[in-house]
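Only the coordinates and a few stated rules stand behind these numbers; no lab work does. Keep in mind the model is a prediction, meaning the values are calculated, not measured. Please note: Cβ atoms are built from the backbone with ideal geometry, for glycine as well, and neighbour counts cover all protein chains shown.
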Amino acid sequence: MTEHAEHHGEAIDSIDRRIVAELSRDGRLSVRTLAERVHISRTAAHNRVQHLVDRGVITGFGARIDRTSIGLRISALVVVRTAPGADWEAVAARLAQLPFVEKVQAVSGDIDLMLTVSAPDHEQLSQAILRDIHVMPGVVSTRSHQILAEFDGRPPAQSLDIWRA
């Protein structure tokens, strides 16, 4: 459980859900625009956003980047199994620091970690997987799956009809 998930107790109300939904669509919204869309005052919008940040509901604001436009033309999902008894969190933290590794996730099942890796070309992707990830201490095996296409789903906050406070 993450540090942020421990802030139970305080439920997210319908206004907070609308704020989160609006910011998940466009994290650059001004407080004024956000307040107008959610139908609350600017002060209330500012205070609620700050409270959502303080509680760890909103974990950051950032730009979504098209990988190919910055030269990362090939991506893969890399399945990693760690050695029995290995400190998988330490292995995951070291993997997250490698060049071209975008994301490391701990998963259930017969694997331990799932990585998203993007590189400029096949050669550099292969190097990242075979020379960096596969030989990392604590890694027993890797299996790679090239990403052919990606489609965005709906962020949780935009599915207001299926979750409640």
_Computed lengthening from residue 122 to residue 65, 0.36 nm per intervening residue step minus Cα-Cα distance_ = 18.5 nm
*Measuring from label point to label point, each 7 Å out along Cα→Cβ, what is the residue 111 to residue 130 span in nm?*
2.0 nm
_Whole-Hz couplings from phi, Karplus 6.51/-1.76/1.60, listed for the range 126-136; x for Gly and Pro_ = 4, 4, 4, 6, 7, 9, 10, 6, 4, 9, 4
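Below 13 angstrom from the Cβ of residue 63, what's the summed charge of the other residues (Lys, Arg +1; Asp, Glu -1)?
Net local charge, residue 63 excluded: +1.
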_If I histogram all Cα-Cα distances within the range 75-138 using bins 10 Å wide from 0, what percent of pairs lands in each bin?_
23, 59, 17, 1
_Per residue of the range 68-85, what does 6.51 cos²θ - 1.76 cosθ + 1.60 with θ = phi - 60° give for ³J(HN,Hα)? Whole Hz please, x for Gly and Pro, Karplus curve as stated._
5, 5, 10, x, 9, 8, 9, 10, 9, 9, 10, 8, 10, 10, 9, 5, x, x
_Contact order normalised by length for the chain, with contacts defined as Cα pairs under 8 Å and 6 or more residues apart; what percent is it?_
26 percent
*What is the gain in length, in nm to one decimal, between residue 152 and residue 11 on full extension, counting 0.36 nm per residue of separation less the C-alpha to C-alpha distance?*
48.0 nm
